[in-house]
Amino acid sequence: MDEDDMAFLKSINDLEDSTHSITELQFESIVTYFDAMCHVSMAKKFQSISNYSIQYDDSVYCEVCKDIYSETDNDMIFCDSCNICVHQSCYGVPKIPSGEWYCSPCKADCFTPVCLLCMQGEGAFKASKHGEWIHVFCALWIPEAGFGNVDKMEPITKIKKIPPSRWSLVCSFCQERVGACIQCSKKDCFVSFHPTCAYQNRCHMMTIYGTPEDTELVKNFTYCLKHSPEQSHESASAIQTIVLHPNRKTSDNPLYDNQCKIIKESAERIL
């Protein structure tokens, strides 16, 4: 648990109608339980998608966020050379060109790029400021990496800030000590994997936008197969997006208080 989690837990325990305090271990168990229930609910919703007039091809998805849906003013576009698919915002294309469009490697006549962070080919690449090719997906999931211009999603920066410990980890899936790995977000679990390997093997990957103290904060969580809900193993896309506290910066918002009460009431039921 980090400082944001501790602050949220303190707010729960400070509720006037609290009958007992929730421990850190209990809080973590509750959040994991909610996460699993959320996947069950989402799976049921997606099962009925064929009843809607709009049909989606789940074999076509953005190579960055892995989502199969497009949005208003954020269409999916395809490279006219290698045919990769990306959202405009995910790849940094503010305006769709009227003619042909090429991804960065194809524009540079590099048709077989390999990612510096996972040593895999295929996918949506951008160049680092030193010229190495890196998956945009990997750059988003390696905590230390960043982007020089977030609107254009390039160049990929801060590669030298990735600690040696990441480069020395062995991926639990490909069994290779190459590139840089992340580790399971479960407390006291140290299973390591490349972000791409984690996605390909359907580990539970989750992005949370906003915290009580910082609505602009983005936090990524990745769980090994042992600590992933079973629904993640069966999903075409295991990445879950959660938006918290979209219109608030302090904990005096009713939405925040309501979330505290929900956590508290659930703790009394399931623990």
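Of the residues making up the stretch 94-121, just one is under 16 Å from ALA198 (Cβ atoms), open to solvent by 10 Å² or more (accessible area, probe 1.4 Å) and either touching a strand residue (DSSP E or B) at 6+ places or on another chain (Cβ under 6 Å) or of a type outside the set (A, V, I, L, M) (or both), namely GLN120. Taken over the stretch 170-181, the criterion of being in contact with a Leu (Cβ under 8 Å, 6 or more places away or on another chain) and either free of Cβ contacts under 8 Å to residues at least 24 places away in the same chain or more than 14 Å from CYS115 (Cβ to Cβ) (or both) is satisfied by ARG177, CYS181. Quick one: in the stretch 53-75, which of the residues that are surrounded by 11 or more Cβ atoms within 10 Å (Cβ to Cβ) and more than 19 Å from the chain's Cα centre (by Cα) is modelled with the lowest pLDDT? Filtering first and then ranking leaves TYR56. Within the set SER50, SER18, the sole residue that is modelled with pLDDT under 70, open to solvent by 70 Å² or more (accessible area, probe 1.4 Å) and not β-branched (Val, Ile, Thr) turns out to be SER50.
The conditions of being part of a helix (DSSP H, G or I) and either touching a strand residue (DSSP E or B) at 6+ places or on another chain (Cβ under 7 Å) or open to solvent by 70 Å² or more (accessible area, probe 1.4 Å) (or both) are not met by ALA127.
For PHE137, all conditions in the list (1) farther than 25 Å from ALA198 by Cβ; (2) modelled with pLDDT of 95 or more hold save one; what is the number of the exception? Condition (1) is where PHE137 drops out.
Filter the stretch 79-121 down to the residues that are touching a residue at least 12 places away in the same chain (Cβ under 8 Å) and not in a loop (DSSP other than H, G, I, E, B) and list them by number.
Those that are touching a residue at least 12 places away in the same chain (Cβ under 8 Å) and not in a loop (DSSP other than H, G, I, E, B): CYS85, VAL86, HIS87, GLN88, SER89, CYS90, TYR91, SER104, PRO105, CYS106.
Reported count of residues in the stretch 159-202, each being in contact with a Ser or Thr (Cβ under 9 Å, 6 or more places away or on another chain) and of a type in the set (Lys, Arg), is 4. Looking only at residues that are within 19 Å of the chain's Cα centre (by Cα) and of a type in the set (Phe, Trp, Tyr) in the stretch 130-155, which one is most open to solvent (accessible area, probe 1.4 Å)? So the residue we want is PHE147.
So, in the stretch 156-169, how many residues would count as being more than 11 Å from CYS118 (Cα to Cα) and open to solvent by 50 Å² or more (accessible area, probe 1.4 Å)? Total satisfying the criteria: 6. For the stretch 76-85, state whether one or more residues are modelled with pLDDT of 80 or more, at negative phi and among the small types (Gly, Ala, Ser). Looking for residues that are modelled with pLDDT of 80 or more, at negative phi and among the small types (Gly, Ala, Ser), one finds at least one in the stretch 76-85, hence yes. Look at the stretch 150-169: where a residue is within 30 Å of GLN88 (Cβ to Cβ) and a partner is part of a strand (DSSP E or B) and among the charged types (D, E, K, R), sitting 6+ places away or on another chain with Cβ atoms under 9 Å, you get LYS152/LYS126; MET153/LYS126; GLU154/LYS126; PRO155/LYS126; ILE156/LYS126. In the set (1) outside any strand (DSSP E or B); (2) out of contact with any Lys or Arg (no Cβ under 6 Å at 6 or more places or on another chain), the condition left unmet by GLU144 is number (2). If the condition is being assigned to a strand (DSSP E or B) and either crowded, with 16+ Cβ neighbours inside 10 Å or among the acidic types (Asp, Glu) (or both), then the stretch 174-211 contributes ILE182, GLN183, SER192, PHE193, HIS204, MET205, MET206, THR207, ILE208.
The values are calculated or read from the model by the stated rules, or taken from the named source; none is laboratory data. Being a predicted model, the structure only gives us computed values, none of them experimental. Note that each Cβ is placed from the backbone with ideal geometry, even for glycine, and that neighbours are counted across all protein chains shown. What goes into the accessible areas is simple: the full protein's heavy atoms, side chains included, and nothing from ligands, DNA or RNA. Shrake-Rupley method; radii C 1.70, N 1.55, O 1.52, S 1.80 Å.
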